[in-house]
Amino acid sequence: MTAKRKQHWLLVAAAAIFAALMLIVSAPSGAWADTDDPPEEQEVTDFYFGGIITNEGEPVAGVTMIVEGGGFTAETETDAEGRWRLYVPEKDDYVLTVNEDTLPSGVIVDPAQLGDGIALKDGTSGSFDVSFGLTGSKIINLFLGEGERVTTSFFDQFVERVINGLNFGLLLALAAIGVSLIFGTTGLTNFAHAEMVTFGAVIAVALGAGLGIPMWITIPLTVVIGGLFGLTLDAGLWKPLRRRGIGLVPLMIVSIGLSLAVRFTFQFFMGGSTSQLPGAGSPKIELFGPIALSTVDMMSMAISIVVLIAVAFWLLRTRVGKATRAISDNPGLAAASGINVDRVIRIVWILAAALAALAGILWGYFRPGVRWDMGMHILLLIFAAVTLGGLGTAFGALIGALIVGLLVEVSTLWMPSDLKYVGALVVLILILLVRPQGILGRKERLG
């Protein structure tokens, strides 16, 4: 086995171990029915929705209740007395959904008997917009009655998820291309890239929500600050380590340590709450057929496409971009031909950090919400996209990100949302078994 092949499988193994640890650490806490003895592994917060479901005065057991909002999802079932309770991380607006497949036949939630602070979502008969009052709890008693359930066809659901998958894949590509460029030019697997994504979202919240700067100014300003963050990291940490000849495995461990340090620094200053970017949660506009997008969604996709085209032009048409590709192919030969490798690597770090900052802003809108650990939630998908497309290949990272984004969103048609990342990882494993170098990777890269 050649040295490059060993390096490749070491990278895959390290990513798999790290991903497993992250899944264990970041597994979302669920919820349980309002019983006296909740499972010990569940975390009780100060905020919850609860209530009783009845049909003709009798409690209904086994009804699945789901709450979603701010990137958080949890579900529970009503107990024998029809009671349920769902804990949420903070006091915010949420969507409460009654799984109508678990209701008795021929009945729906009676919209005429909904309480204050509950609004039926358009086009549904089992989803409601819910919010808290002055306290940290909201009791929602639901009464069933005869009625026709409003359902969405499979085709409409599929189209909606494809659009969401493209939106998610485009923002994922912004971050994945940065990881791929860094790996291609330095060989470093940068586990701190998740915090570079979070950094962009945090700065956008500070400028847009904190200082009230318009978002059309905040977004480019955040991208510039993100680039300066990448410049600082390379000048203050990575270049000195490269000059000392530190191996790739120690560098990877340093990136994990840096990731933890920066992440908990964010937590120290932000706390555990979720902040919203200005304009988040804007209403969707029906375009045609089942396609409905908010203004933020359309702007997000447009910005992503324009930036990705600009990066492609930079790689293919500019001298620095061509030098970057040359270093990725053969750094020794590139240096011998007169290319200033350190200068190109410095530019790559600036570009990767700027793209990650932009991805963080768009991810903050897509979730929606900005948290101290939000970047970690997509780090596994970023690595999956890079590996799927081909290690060190920017265009491969783009294709891999689009595939992963589509698989993540479309898979929710058949599996619970908590397991939506599994489908993308299964496809990743299958493709690597057939084509270990990835979709656009070349065999000579592996030895």
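The values are calculated or read from the model by the stated rules, or taken from the named source; none is laboratory data. Owing to the predicted nature of the structure, the values given are computational and were not obtained by experimental measurement. Glycine gets a Cβ as well: all are built from the backbone with ideal geometry, and neighbour counts include every protein chain shown.
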Exercise for review: Kindly establish whether Thr274 is crowded, with 17+ Cβ neighbours inside 10 Å, in contact with a strand residue (DSSP E or B) (Cβ under 7 Å, 6 or more places away or on another chain) and of a type outside the set (Asp, Glu).
Suggested key: yes
Check your understanding: Can you find a residue in the range 198-213 that is more than 26 Å from the chain's Cα centre (by Cα), of a type in the set (Val, Ile, Thr) and either surrounded by fewer than 21 Cβ atoms within 10 Å (Cβ to Cβ) or over 23 Å from Leu277 (Cβ atoms) (or both)?
Key -> no
Practice item. Determine whether Gly338 is assigned to a loop (DSSP other than H, G, I, E, B), crowded, with 24+ Cβ neighbours inside 10 Å and either at pLDDT below 90 or out of contact with any helix residue (DSSP H, G or I) (no Cβ under 7 Å at 6 or more places or on another chain) (or both). Key: no
Review point. Of everything in the range 183-221 that's of a type outside the set (A, V, I, L, M) and part of a loop (DSSP other than H, G, I, E, B), which residue is nearest to Thr232 (Cα to Cα)?
Key: Asn190
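Quick grid of which residues meet (1) buried (at least 19 other Cβ atoms within 10 Å of the Cβ); (2) farther than 22 Å from Leu221 by Cα; (3) in contact with a Phe, Trp or Tyr (Cβ under 8 Å, 6 or more places away or on another chain):
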site: Pro283; (1), (2), (3): no, yes, no
site: Ser294; (1), (2), (3): no, yes, no
site: Val311; (1), (2), (3): yes, no, no
site: Ala326; (1), (2), (3): no, yes, no
site: Gly332; (1), (2), (3): no, yes, no
site: Gly360; (1), (2), (3): yes, no, yes
site: Val370; (1), (2), (3): yes, no, no
site: Met376; (1), (2), (3): yes, yes, no
Practice item. Considering each residue of the range 404-429, count those that are in contact (Cβ under 8 Å) with a residue 60 or more places away in the chain, buried (at least 21 other Cβ atoms within 10 Å of the Cβ) and of a type in the set (A, V, I, L, M, F, W, C), and give that number. Key: 3
Study note, to complete from the structure: When the range 319-335 is checked residue by residue, the ones that are farther than 15 Å from Ala394 by Cα and at pLDDT 90 or above are Arg319
Check your understanding: Here are Met252, Met215: which of them is at pLDDT below 95, in contact with a Ser or Thr (Cβ under 9 Å, 6 or more places away or on another chain) and over 24 Å from Ala312 (Cα atoms)?
Key -> Met252
Practice item. Examine the range 434-446 for a residue that is crowded, with 20+ Cβ neighbours inside 10 Å and of a type in the set (A, V, I, L, M), and state whether such a residue exists. Key: no
Review point. Is it true that some residue in the range 410-421 is under 21 Å from Phe72 (Cβ atoms) and not in a helix (DSSP H, G or I)?
Key: yes
Review point. Has the range 384-404 got at least one residue that is on the phi > 0 side of the Ramachandran plot, outside any helix (DSSP H, G or I) and touching a strand residue (DSSP E or B) at 6+ places or on another chain (Cβ under 8 Å)?
Key: no
Practice item. Determine which member of the set Glu75, Glu81, Glu58 is under 14 Å from Ser127 (Cα atoms) and either at pLDDT 85 or above or in contact with a strand residue (DSSP E or B) (Cβ under 9 Å, 6 or more places away or on another chain) (or both). Key: Glu75
Point to revise | Members of the range 231-289 that are touching a residue at least 40 places away in the same chain (Cβ under 8 Å) and not in a helix (DSSP H, G or I) | key: Gly271, Gly272, Ser273, Thr274, Ser275, Gln276, Leu277, Pro278, Gly279, Ala280, Gly281, Gly289
Check your understanding: assigned by TED's automatic domain parsing to the domain that holds Val307 and under 17 Å from Phe366 (Cβ atoms): does that describe Thr222?
Key -> yes
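Yes or no, residue by residue, for (1) modelled with pLDDT of 90 or more; (2) assigned by TED's automatic domain parsing to the domain that holds Val107; (3) under 30 Å from Ala312 (Cα atoms); (4) surrounded by fewer than 19 Cβ atoms within 10 Å (Cβ to Cβ):
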| position | (1), (2), (3), (4) |
| --- | --- |
| Ile140 | no, yes, no, no |
| Glu146 | no, yes, no, yes |
| Gly165 | yes, no, yes, no |
| Phe168 | yes, no, yes, no |
| Leu174 | yes, no, yes, no |
| Ile177 | yes, no, yes, no |
